[in-house]
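Chemist: Let me begin by handing over the structure; questions about it come next.
The values are calculated or read from the model by the stated rules, or taken from the named source; none is laboratory data. Remember, predicted model here, so these are calculated numbers, not experimental data. Note that each Cβ is placed from the backbone with ideal geometry, even for glycine, and that neighbours are counted across all protein chains shown. Note: accessible area is taken over every heavy atom of the protein model, side chains too, but ligands, DNA and RNA are not part of it. Shrake-Rupley method; radii C 1.70, N 1.55, O 1.52, S 1.80 Å.
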Amino acid sequence: MIQELTISTHGAGLYDITNQVARTCVGGGDGLLTLMIRHTSASLLIQENADPEVQTDLQAFFHRLVPPTTDPSMSYLTHTYEGPDDMPAHIKSAMLPVSLSIPVQNGRMMLGTWQGIYVFEHRNAPHTRRIAAHYAG
Amino acid sequence: MIQELTISTHGAGLYDITNQVARTCVGGGDGLLTLMIRHTSASLLIQENADPEVQTDLQAFFHRLVPPTTDPSMSYLTHTYEGPDDMPAHIKSAMLPVSLSIPVQNGRMMLGTWQGIYVFEHRNAPHTRRIAAHYAG
Amino acid sequence: MIQELTISTHGAGLYDITNQVARTCVGGGDGLLTLMIRHTSASLLIQENADPEVQTDLQAFFHRLVPPTTDPSMSYLTHTYEGPDDMPAHIKSAMLPVSLSIPVQNGRMMLGTWQGIYVFEHRNAPHTRRIAAHYAG
């Protein structure tokens, strides 16, 4: 079963899509759910869903590890004409998951208690992000 | 076929689970094995299984890239009340695999000669780690 | 359906394998394609296929994040006898994808408009890289 999810983002950060995925992509019984984000400047992520500070800290860490190209430390980068947040977004999307595979038992994703599924948007401007989903029961 | 593996860890580092996975999760014939770790402070990893120094060096690199929150360079992090190794563990678990997909041929995982499967524990205290496994033949 | 792709690399960098994968690994109808690279010093990557500067910049970023062991900042690493680019290659292969899962619709991989599939070679010497591919329709 193939589906496509659409997520609207409004700036860099994490967007919880756990419920939307559970509602629309998971079939009954046992199976395997696969998600793939169809972009190279945003990522998928499974992360802690309890304390929102974890999400803020994750974003802060990767922003420091891969700062905008206006930062002097990034002056060696050449792909800058789409904005200072564009090439860093490609780098982050290389380091963070483009696809996730989630076993499903009795129609429920086998996520741990503290795991949620997120889109990690790396661009500052609003974007419409599309995620391809495959479920095999 | 859904299974769950349980791995006991006793401090940060790599734990070889290749044999346990081969023994309990892989069906016969050709197929696809999927593993997903049900935690946000430990990772799955496929890495070199020959020289143990590779594992020590991997751990050292990620410890320097993402030091404990007691390190002055990490003072911007806010999620610190679960201990200085907690938020770095979440960051490492974002950068390293949460799920792995391994083609199987004639009942054998198609790992390369030098590839083993590991749990990469990021926390210092002992933990029981659960891995969801799905096999489709 | 299990297949194995062979890619010849001649130095560190990204090698576009999108067409080879589409031609030889994808069956008809809807399904799921899984790729796994059988090495610990090269990676798989889905990245932008439009501007070649993105690929140069990606390589430059990871080369600076994980420089050769001849760099003084890497003097703590111990696994150095296979050359100064060997342990960094293992580290990069931990941070970048070893396996990719790509939903397929009507016999076409659901890649986004700007997404291509690459082997990211981390070693300087020529290598023959093998990729295990599994397709389930």
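Chemist: When segment A:4-32 is examined, which residues are found to be touching a Phe, Trp or Tyr at 6+ places or on another chain (Cβ under 9 Å), over 25 Å from A:PRO52 (Cβ atoms) and modelled with pLDDT of 95 or more?
Modeler: A:GLY31, A:LEU32
Chemist: What number of residues within segment C:79-123 are facing another protein chain (nearest Cβ under 7 Å) and either in contact with a Pro (Cβ under 6 Å, 6 or more places away or on another chain) or aromatic (Phe, Trp, Tyr) (or both)?
Modeler: Of the residues in that region, 2 qualify.
Chemist: Please give the number of the condition C:PHE120 fails out of (1) open to solvent by less than 10 Å² (accessible area, probe 1.4 Å); (2) farther than 30 Å from B:ASP30 by Cα.
Modeler: Here C:PHE120 meets the rest and fails (2).
Chemist: One residue is enough: does segment C:37-48 have a residue meeting the conditions more than 30 Å from B:HIS63 (Cβ to Cβ), touching a residue at least 40 places away in the same chain (Cβ under 8 Å) and touching a Phe, Trp or Tyr at 6+ places or on another chain (Cβ under 9 Å)? Break it down stepwise before answering.
Modeler: At the first step, the residues of segment C:37-48 found to be more than 30 Å from B:HIS63 (Cβ to Cβ) are C:48.
Next cut, touching a residue at least 40 places away in the same chain (Cβ under 8 Å) only: C:48.
From the residues that got through so far, the ones that are touching a Phe, Trp or Tyr at 6+ places or on another chain (Cβ under 9 Å) too are C:48.
There is at least one residue in segment C:37-48 that is more than 30 Å from B:HIS63 (Cβ to Cβ), touching a residue at least 40 places away in the same chain (Cβ under 8 Å) and touching a Phe, Trp or Tyr at 6+ places or on another chain (Cβ under 9 Å).
Chemist: So, restricting to strands (runs of 3 or more DSSP E) that lie completely within segment B:1-78, which ones have at least 2 residues that are within 13 Å of another protein chain (Cβ to nearest Cβ) and either within 14 Å of the chain's Cα centre (by Cα) or surrounded by fewer than 15 Cβ atoms within 10 Å (Cβ to Cβ) (or both)? Lay out the reasoning, then the answer.
Modeler: On the way: elements: B:2-10, B:13-16, B:31-37, B:42-48.
Here the list reads B:2-10, B:31-37, B:42-48.
Chemist: Looking only at segment A:94-109, count how many residues are within 12 Å of the chain's Cα centre (by Cα) and open to solvent by 10 Å² or more (accessible area, probe 1.4 Å). Even if it seems obvious, please write down each step before you answer.
Modeler: Start the filter on segment A:94-109 by keeping residues that are within 12 Å of the chain's Cα centre (by Cα), which leaves A:94-100.
Now restrict to residues that are open to solvent by 10 Å² or more (accessible area, probe 1.4 Å): A:97-99.
Here the count works out to 3.
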